1. Being among the basic types (K, R) and within 27 Å of B:S154 (Cα to Cα), is that true of even one residue in segment B:37-57?
2. Regarding B:R121, is this residue within 13 Å of chain A (Cβ to nearest Cβ) and among the charged types (D, E, K, R)?
3. Only one of B:I90, B:I125 is at pLDDT 95 or above and farther than 16 Å from B:A62 by Cβ. Can you tell me which?
4. Under 9 Å between Cβ atoms, which residue pairs at least 6 apart in sequence (or on different chains) link something in segment A:82-111 that is away from chain B (no Cβ under 14 Å) with a partner that is assigned to a strand (DSSP E or B) and among the acidic types (D, E)?
5. I need a count of the residues in segment B:54-72 that are without any contact (Cβ under 8 Å) to a residue 40 or more places away in the chain and surrounded by 20 or more Cβ atoms within 10 Å (Cβ to Cβ).
6. Select, from B:V43, B:V116, B:V72, the only residue that is modelled with pLDDT of 95 or more and in contact with a helix residue (DSSP H, G or I) (Cβ under 9 Å, 6 or more places away or on another chain).
7. May I ask you to list pairs of residues, at least six apart or on different chains, whose Cβ atoms are under 9 Å apart, with the first in segment A:32-54 being touching a residue at least 24 places away in the same chain (Cβ under 8 Å) and within 14 Å of another protein chain (Cβ to nearest Cβ) and the second being surrounded by 11 or more Cβ atoms within 10 Å (Cβ to Cβ) and of a type in the set (S, T, N, Q)?
8. Given (1) at pLDDT below 95; (2) within 15 Å of the chain's Cα centre (by Cα), where does B:D63 come up short, assuming only one miss?
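The values are calculated or read from the model by the stated rules, or taken from the named source; none is laboratory data. The structure presented is a predicted model; accordingly, all values stated were derived computationally and were not measured. Glycine gets a Cβ as well: all are built from the backbone with ideal geometry, and neighbour counts include every protein chain shown.
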Amino acid sequence: MAEAPSSRCLLILIARNEESFDPLATGLLDVGITGATVVDSKGLGAIIREEMPMFAGLAALLPRETGSRILISVTTRDRIEAVRAFIEEMKPGQRPIGAVLPVESTLGLPDES
Amino acid sequence: MLISSYLRPELAIVLTESIDRKALFATLGERVASISDVAAEAVSEGLAERESQCSTVLEQIADIGIALPHAVLPGIPEPLVAAVVAPSGIAFGPDGSAVHLVLAIFGNPDSPWQHVRMLARLARIVAGKGAVGRLAGAGDAAELFERLKAEDASHG
């Protein structure tokens, strides 16, 4: 028998820069997302600008805000809606980019309620 | 998370004179003690101890100094939130810099994440467009109480 689909979602958010991470994390805590994994990252633009000499001449043309930290959390759909509302409150330049994916099942998390 | 259920009219204060941080913490201690079983000294000492670790003063918004002091108090039955407006300023920062709006949290050590979430909520509220001005502009305690509830509700 197939397992019932989970009501949870995988939330992936990418902070645009270091400064925008604090308000983002504050908002997530407020809506109840207290468990998440945060990964330091670099956007492709930053890699090209800093590590690939072939593109050095184009550095000035590339956006400087290319992702600084990735936040990953398995959470509920209700909280996803609260996150959306919070992100709408953020200044446009601080808003993260992200995605929400359905979760088929979870491992190692408390039972869904 | 909504914090309105943790607000109490007794913990909304509009000061008419300039005081320092120590006097503020003493006042908050007396107010909390008046509506709970926690001793006033425990409250003021808890706030002072936390403040000694790292200042809770935030960056000014619209030239209004803000602080979010907080303390974890064993024995407090439920969290409480206090709001203080001081038009003349409170000498609060480590360098004596003035704040004009103080939002304080008193939490239970058994619910650390609740404390974190409440702190995040207050940070979100003061970051709201025009919120600090509206709160700091409250003319009396009743108005401050209602304004903080309204700001809380505005974030869903």
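1. no
2. yes
3. None of the others qualify; the one that does is B:I90.
4. As it stands, the answer is none, since no pair meets every condition given.
5. 4
6. B:V43
7. As it stands, the answer is A:G32/A:T75; A:G32/A:T76; A:I33/A:S73; A:I33/A:T75; A:G35/A:S73; A:G35/A:T75; A:A36/A:S73; A:A36/A:T75, since those pairs meet every condition given.
8. Among (1) at pLDDT below 95; (2) within 15 Å of the chain's Cα centre (by Cα), the lone unmet condition for B:D63 is (2).
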